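The values are calculated or read from the model by the stated rules, or taken from the named source; none is laboratory data. Computed from a predicted model, the values in this text were never measured in an experiment. Here the Cβ is made from the backbone with ideal geometry for all residues, glycine too, and neighbour counts use every protein chain on show.
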Amino acid sequence: MTRRETLLALGGVSVFVTLAAPFNSGALLSVGARLIYWSLMVCLTFGAGSLVTFTLKHRLDGLPFVMRVFFLGILTSLCVLVVVVIINAMTFGWVPPARDWPLFAATLVGMTILITAAFQYIDTKSAAHTETTTPTGTPLLERLPVDKRGPLVALSVEDHYVRIRTTKGEGLILMRLSDAVREVGETRGAQVHRSHWAAFDHVTAVRRDADRAILTMRTGGEIPVSRAHIKTLKEAGLLPR
């Protein structure tokens, strides 16, 4: 999200939670005080969620929206729980007794998941809009940190992850190779093995290995080419016909 979108989202969610008045805050605080209190809570949740998302981004990107929100919500609520208890004690002079902890924790987790869902939804819509306005780009690169985004060199499967290699670095993303290939945009290349895709413009050498081949990439790595894909190299002009 852009800075403007983030501020609008924080404000909108804060107003919504203020009106919903969970934790009996409607009876304990005036509307103004409640708005200040819940704005603080929303910003705290957003900050914790952003930290969790940044830390686990490569593990969560390939998950469906609902699962991603659930895991982010649970992990974020653990970060927020302690601070909420401290703030409630300072604001209301109240710490939940032992018998109320299950309900208190469940309510907090529920609110955190709702706030997380709101921000994830807005972020997803914002990213989708960016992709549709730049159709000639390489959507796959948006999954990498900014400092690693560069011309695409190769994709390789590692367990359930895809290693994305660019001229500026590499990163592991939880997704299928077939899905990654669909996001290479107009990058000239092809899948050359069941576990590898290569960008033809970054191939510096090709050597035959019996009925197979090995590609040497501009970044120094090597990509194996299976027998079934030798024809692809010939059609691309990387091997004589």
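Which ones in the stretch 192-202 are touching a residue at least 40 places away in the same chain (Cβ under 8 Å) and not charged (D, E, K, R)? Scanning the stretch 192-202 gives Val192, His196, Trp197, Ala198, Ala199, His202.
As a summary of the residue check, Phe54 satisfies the conditions (1) more than 16 Å from Tyr121 (Cα to Cα); (2) in contact with a helix residue (DSSP H, G or I) (Cβ under 8 Å, 6 or more places away or on another chain); (3) aromatic (Phe, Trp, Tyr); (4) without any contact (Cβ under 8 Å) to a residue 60 or more places away in the chain except for the one numbered (2).
A quick yes/no check of all residues on (1) touching a residue at least 12 places away in the same chain (Cβ under 8 Å); (2) under 18 Å from Ala105 (Cα atoms); (3) surrounded by 15 or more Cβ atoms within 10 Å (Cβ to Cβ):
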position: Thr18; (1), (2), (3): yes, no, yes
position: Asn24; (1), (2), (3): no, yes, no
position: Leu35; (1), (2), (3): yes, no, yes
position: Trp38; (1), (2), (3): yes, yes, yes
position: Gly47; (1), (2), (3): no, no, no
position: Leu72; (1), (2), (3): yes, yes, yes
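Counting only strands (runs of 3 or more DSSP E) wholly contained in the stretch 202-241, the ones carrying 3 or more residues that are under 16 Å from Thr167 (Cβ atoms) and modelled with pLDDT of 90 or more occupy 212-217.
Look through Val84, Val66 and report the one residue that is assigned by TED's automatic domain parsing to the domain that holds Ala33, farther than 29 Å from Glu158 by Cβ and either exposed (fewer than 11 other Cβ atoms within 10 Å of the Cβ) or not charged (D, E, K, R) (or both). Break it down stepwise before answering.
Details: Val66 fails: farther than 29 Å from Glu158 by Cβ.
None of the others qualify; the one that does is Val84.
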